[in-house]
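Enquirer: Dropping a structure here in structure tokens format, bear with me for questions.
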Amino acid sequence: MDKTGKKEPRMILALDLETTDEALDFLRRWGKRIKYVKIGPGLFAQGGTDFITRLREDGRKIFLDLKLHDIPNTVAEAVKFLSSKGIWAITLHTSGGRPMMESAVRARKDKSTLLFGVTVLTSLDSTSWDEVHPGCSINDALAKRAKIAVESGMDGIVCSPRELAMFNRDPYFGLLKIVPGIRPADYEMFDDQRRTSTPSFAAEGGADFVVVGRPVTRAEDPGRIIDTILRDLRR
Ligand code: C5P
């Protein structure tokens, strides 16, 4: 907890491994200090809700990051089913719009399953953003999408560490923030992420959770990187 009484962010490990067996093996070896795990479309397609149940039996909290984006009825059906499976949090893409988010909030079976709205992918820089959204800045889109998420009754948003500061004021108070694009200071690999920053920057910016994948799963010594990230989040 810092001087203002705010808790340090929790770490979510993105299990972006090739197979569910590989993911379970990774957690057996390195997952002692990991409570929250992110399941994406790859592992969910392979293991479905059985895989989720298996992880829950090990005491993990599941962040199911499918970034649902479809017409309201289709997304509502998915949320109705998924929110009955003991999942900690599910993502929708805010670009699906207000009616989609509102109907997802209404369809949720179990209110303890949180709904998070992805704002703008952390892999997009301003050039690739402009190609698909000409005439609108990333920051304008972020501000508007997050506001609609609040008004629709969503529990939180997913945003990059660089943009956290804009969500520490009205009307975003109380909105939980999950932050991917986290790269330890000495991380040297160049990959697809563009709007990145360090764990301590995200913690100072007010992240509630940080998502980290490859810096841990592709490390020579994942245990050491997990320790370093957890220490940086506490600072
Ligand atoms: O390996 P890396 O640390 O880049 O993993 C980040 C994870 O966060 C990935 O699983 C990715 O799907 C997810 N994510 C993201 N940007 C978003 C939302 C989710 O990188 N806006």
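Enquirer: Out of (1) of a type outside the set (Ser, Thr, Tyr); (2) more than 16 Å from the ligand (Cβ to nearest atom); (3) farther than 14 Å from residue 116 by Cβ, what's the single condition that is false for residue 51?
Expert: So residue 51 meets the others, but not (2).
Enquirer: Considering only segment 109-145, state which residues are farther than 17 Å from residue 166 by Cβ, surrounded by 13 or more Cβ atoms within 10 Å (Cβ to Cβ) and among the hydroxyl-bearing types (Ser, Thr, Tyr).
Expert: Within segment 109-145, 113, 123 qualify.
Enquirer: Let me ask another. Which pairs have Cβ atoms under 6 Å, sit 6 or more apart or on different chains, and link a residue in segment 161-182 that is assigned to a strand (DSSP E or B) to one that is of a type in the set (D, E, K, R) and at pLDDT 95 or above?
Expert: The qualifying pairs are 176/155; 176/208; 177/208.
Enquirer: Checking residue 65 against (1) outside any helix (DSSP H, G or I); (2) surrounded by fewer than 19 Cβ atoms within 10 Å (Cβ to Cβ); (3) on the phi < 0 side of the Ramachandran plot, which single condition isn't satisfied?
Expert: Condition not satisfied by residue 65: (2).
Enquirer: Determine whether residue 37 is away from the ligand (no atom under 16 Å from the Cβ) and outside any loop (DSSP other than H, G, I, E, B).
Expert: No; evaluated as a whole, the condition is false for this residue.
Enquirer: Going through 76, 45 one at a time, which residue ends up being surrounded by 14 or more Cβ atoms within 10 Å (Cβ to Cβ) and modelled with pLDDT of 95 or more?
Expert: Only one candidate qualifies: 76.
Enquirer: A follow-up question, please. Quick one: which of 185, 207 is touching a strand residue (DSSP E or B) at 6+ places or on another chain (Cβ under 7 Å), more than 10 Å from the ligand (Cβ to nearest atom), assigned to a loop (DSSP other than H, G, I, E, B) and not β-branched (Val, Ile, Thr)?
Expert: Selected residue: 207, the only one of 185, 207 that is touching a strand residue (DSSP E or B) at 6+ places or on another chain (Cβ under 7 Å), more than 10 Å from the ligand (Cβ to nearest atom), assigned to a loop (DSSP other than H, G, I, E, B) and not β-branched (Val, Ile, Thr).
For every residue, the table says whether it meets (1) closer than 23 Å to residue 104 by Cα; (2) at pLDDT 95 or above; (3) in contact with an Asp or Glu (Cβ under 6 Å, 6 or more places away or on another chain).
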| position | (1), (2), (3) |
| --- | --- |
| 131 | no, yes, no |
| 153 | yes, yes, no |
| 157 | yes, yes, no |
| 186 | no, no, no |
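Enquirer: Turning to a different aspect of this structure: The conditions are (1) closer than 23 Å to residue 221 by Cβ; (2) not in a helix (DSSP H, G or I), and residue 29 fails exactly one of them. Which is it?
Expert: (2)
Enquirer: Right, here's the next one. Could you list, in sequence order, all residues of segment 83-95 that are more than 14 Å from the ligand (Cβ to nearest atom) and crowded, with 20+ Cβ neighbours inside 10 Å? Reasoning before the result, please.
Expert: Filtering segment 83-95 down to residues more than 14 Å from the ligand (Cβ to nearest atom) leaves 83-88.
Those that are more than 14 Å from the ligand (Cβ to nearest atom) and crowded, with 20+ Cβ neighbours inside 10 Å: 83, 87.
Enquirer: Restricting the search to segment 210-235, which residues are part of a helix (DSSP H, G or I) and of a type in the set (D, E, K, R)?
Expert: Scanning segment 210-235 gives 214, 224, 227, 231, 232, 234.
Enquirer: Would you tally the residues in segment 104-143 being of a type outside the set (Gly, Ala, Ser), part of a helix (DSSP H, G or I) and within 16 Å of the ligand (Cβ to nearest atom)?
Expert: So the answer is 5.
The values are calculated or read from the model by the stated rules, or taken from the named source; none is laboratory data. What you are looking at is a predicted structure, and each value in this text was computed from that prediction instead of being measured. Virtual Cβ from ideal backbone geometry, glycine too; neighbours counted across all protein chains shown.
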